[in-house]
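Student: Take this structure, written in structure tokens, and hold onto it; I'll ask about it next.
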Amino acid sequence: MRPFRYERAADEPGAVAAVAEPGAKFLGGGTNLVDLMRLGVESPSLLVDVSRLPFDRIEPLKGGGLRIGAGVRNSELAADSRIRERYPALAEALLAGASGQLRNLATTGGNLMQRTRCPYFQDVTMPCNKREPGSGCPAVEGEHRNLAILGHSEHCVATHPSDMAVALAAFDATVRVVSPEGPRDIPLVEFHRLPGDEPQRDTVLGDGELIVAVDLPALPLAALSRYRKVRERASFAFALVSVAAALEVADGRVVDVRIAFGGLAHRPWRATVAEQTLRGEVAGPEAFVAAADAELAAARPLRDNAYKVDLARAALVQTLEELAA
Amino acid sequence: MSLHINGELHTLELDTRTSLLDLLRERLGLTGAKKGCDHGQCGACTVLVDGRRANACLLLAVTLGGVHVTTIEGLASDGDLHPLQAAFVAQDGFQCGYCTPGQICSAVGMLAEAEAGWPSHATADVTATPALDADEIRERMSGNICRCGAYPNIVAAIEEAAGL
């Protein structure tokens, strides 16, 4: 690990001011950043510790939503009774991620900022456009079984690893950030980028912007929601494919629906095409398959990951069937 | 910086790169917590930080000013084994023993989480209060790898300590 200086931020303005230094990075729970520093993928000159700032609460918002402080630990968020009752797929997504020990450390803000687990990104002896822009992407022709089928580019086929963010994408969450220019709110579905020709940029955050909270809007249909994760072992593994979905049915027809996929793209994939296809349809296997196919028509699988198209379709159809039952 | 380890206050000057795990093992001679993978994937380094289980390999020691760390060395009191330590012995919950300190510290934290009503991935309905059983224990302990495969006896030991 390269040497670095450490500063614990006393307050939000202090944190934002300290990170203005070139080479500085915010430190939350550290479960991904410290590991990447050890691997040599990240080498900040200064760590600005924001883990003890008073962003550790979950508070009601006017209108019925919830504001989740950026420092709330993943384990605490998953255990919160308001989250479990009103947004169960979010609790399920958090509980499907990492291990008990890691969830006790990992923060809400840090979870959004975690980097891809693409093996080439994590191996500094290999080229990687995300780690070293312009060096190339060996994954396009190499080991890409677990990588993207949607929204990728010739420069990068990485996937975003978060489970939490998939549920947040389905539920129209917004990310609240601050900078010297003041606060701004970014819809979660726009927070993470597609790689295009700048895969080194995972998110739309500007230099020095600090995540202070994630806001969940009041969303009554989220009370009937599920998160389904498909992975290579029963626990403590990243998703091959995951689905967060909420469904409202009346008189046998779909009134409203929210769907997002994980494991398929460089960002959580909000399935707006599938949602539009489903609204007003008879809630049953036929419509569910048609909706999945409509969304996945945009898929461009790589040589070894076409299985993800079938897996994503099956995962979505099963999740919707469970919700409709 | 200063932190409490097993009830004792330590005031230290540290390289910022020092992990809690290296501080424990290399500076303080507390070699119970083990370095398995050093990437947060195996759980052999699990300790309790302010009562919650955490991977000591991923914590930078310099961030821990004022916190209370409990390691496997700090679980016994007055020479009496912690109930989980006793249960691991009684149920033969190990073979080579390398993962055991992490397993036991993790189980201490896990049982407190279950006691507090925290759900897990094995909880069928996250809106309900989960009841601990073997499936719940296996899921909640998935952050601790045992390469000897002593899992059946590890689960039995935790069931015994939990009074199941």
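The values are calculated or read from the model by the stated rules, or taken from the named source; none is laboratory data. Just so it is clear, the model here is predicted, and its values are computed rather than measured. Quick reminder, even Gly has a Cβ in these numbers, built from the backbone with ideal geometry, and neighbours come from all protein chains shown.
Student: So B:Val67 clears everything in (1) hydrophobic (A, V, I, L, M, F, W, C); (2) surrounded by fewer than 19 Cβ atoms within 10 Å (Cβ to Cβ); (3) more than 30 Å from B:Thr129 (Cβ to Cβ); (4) not assigned by TED's automatic domain parsing to the domain that holds B:Asn144 except one condition, right? Which one?
Tutor: Going through the list (1) hydrophobic (A, V, I, L, M, F, W, C); (2) surrounded by fewer than 19 Cβ atoms within 10 Å (Cβ to Cβ); (3) more than 30 Å from B:Thr129 (Cβ to Cβ); (4) not assigned by TED's automatic domain parsing to the domain that holds B:Asn144, B:Val67 breaks only (3).
Student: Go through (1) crowded, with 20+ Cβ neighbours inside 10 Å; (2) within 14 Å of chain B (Cβ to nearest Cβ) one by one and return the number of the condition A:Glu232 breaks.
Tutor: Only one criterion is unmet by A:Glu232, namely (1).
Student: Taking B:Asp92 as the residue in question, decide whether it is at pLDDT 95 or above and touching a strand residue (DSSP E or B) at 6+ places or on another chain (Cβ under 6 Å).
Tutor: On the way: at pLDDT 95 or above: yes; touching a strand residue (DSSP E or B) at 6+ places or on another chain (Cβ under 6 Å): no.
Against the criterion (at pLDDT 95 or above and touching a strand residue (DSSP E or B) at 6+ places or on another chain (Cβ under 6 Å)), B:Asp92 does not qualify.
Student: Could you check the stretch A:308-325 and list, in sequence order, the residues that are without any contact (Cβ under 8 Å) to a residue 60 or more places away in the chain and either within 10 Å of A:Phe261 (Cβ to Cβ) or surrounded by fewer than 17 Cβ atoms within 10 Å (Cβ to Cβ) (or both)?
Tutor: The answer is A:Asp310, A:Ala314, A:Glu321, A:Ala325.
Student: Which residue is surrounded by the most Cβ atoms within 10 Å (Cβ to Cβ), if the candidates are limited to the stretch A:92-129 and must be within 15 Å of B:Thr127 (Cα to Cα) and touching an Asp or Glu at 6+ places or on another chain (Cβ under 8 Å)?
Tutor: Result: A:Ala93.
Student: Related question: Can you name the residue in the stretch A:1-26 that is under 23 Å from A:Ala106 (Cβ atoms), at the interface with another protein chain (Cβ under 7 Å from one of its Cβ atoms) and not hydroxyl-bearing (Ser, Thr, Tyr) and, of all such residues, is surrounded by the fewest Cβ atoms within 10 Å (Cβ to Cβ)?
Tutor: Among those that are under 23 Å from A:Ala106 (Cβ atoms), at the interface with another protein chain (Cβ under 7 Å from one of its Cβ atoms) and not hydroxyl-bearing (Ser, Thr, Tyr), it is A:Met1.
Student: Restricting attention to the stretch A:99-124, which residues are assigned to a loop (DSSP other than H, G, I, E, B), within 22 Å of A:Leu168 (Cα to Cα) and in contact with a Leu (Cβ under 7 Å, 6 or more places away or on another chain)?
Tutor: Within the stretch A:99-124, just A:Arg115 meets the criteria.
Student: Can you say whether B:Val108 is over 16 Å from the mean Cα position of the chain (by Cα), surrounded by 16 or more Cβ atoms within 10 Å (Cβ to Cβ) and within 14 Å of chain A (Cβ to nearest Cβ), as far as the supplied structure shows?
Tutor: Details: over 16 Å from the mean Cα position of the chain (by Cα): no; surrounded by 16 or more Cβ atoms within 10 Å (Cβ to Cβ): yes; within 14 Å of chain A (Cβ to nearest Cβ): yes.
Here the answer is no, as B:Val108 does not meet what is asked.
Student: Shifting gears a bit: When the stretch B:17-43 is examined, which residues are found to be within 14 Å of chain A (Cβ to nearest Cβ) and without any contact (Cβ under 8 Å) to a residue 24 or more places away in the chain?
Tutor: B:Lys35, B:Cys37, B:Asp38, B:His39, B:Gly40
Student: Let me spell it out: the conditions are (1) under 15 Å from the mean Cα position of the chain (by Cα); (2) farther than 28 Å from A:Glu154 by Cα, and A:Ala271 meets all of them except one. Which number is the exception?
Tutor: The number of the failed condition is (2).
Student: Can you tell me which of (1) touching a helix residue (DSSP H, G or I) at 6+ places or on another chain (Cβ under 6 Å); (2) under 21 Å from B:Leu30 (Cα atoms) is the one B:Val49 doesn't meet?
Tutor: Condition (1) is where B:Val49 drops out.
Student: Related question: Is it the case that the stretch B:68-76 has a residue that's more than 10 Å from every other protein chain (Cβ to nearest Cβ) and either more than 13 Å from B:Asn6 (Cα to Cα) or acidic (Asp, Glu) (or both)? Break it down stepwise before answering.
Tutor: Applying the first criterion (more than 10 Å from every other protein chain (Cβ to nearest Cβ)) to the stretch B:68-76 yields B:68-76.
Restricting the remaining residues to those that are either more than 13 Å from B:Asn6 (Cα to Cα) or acidic (Asp, Glu) (or both) gives B:73.
Yes, because at least one residue in the stretch B:68-76 is more than 10 Å from every other protein chain (Cβ to nearest Cβ) and either more than 13 Å from B:Asn6 (Cα to Cα) or acidic (Asp, Glu) (or both).
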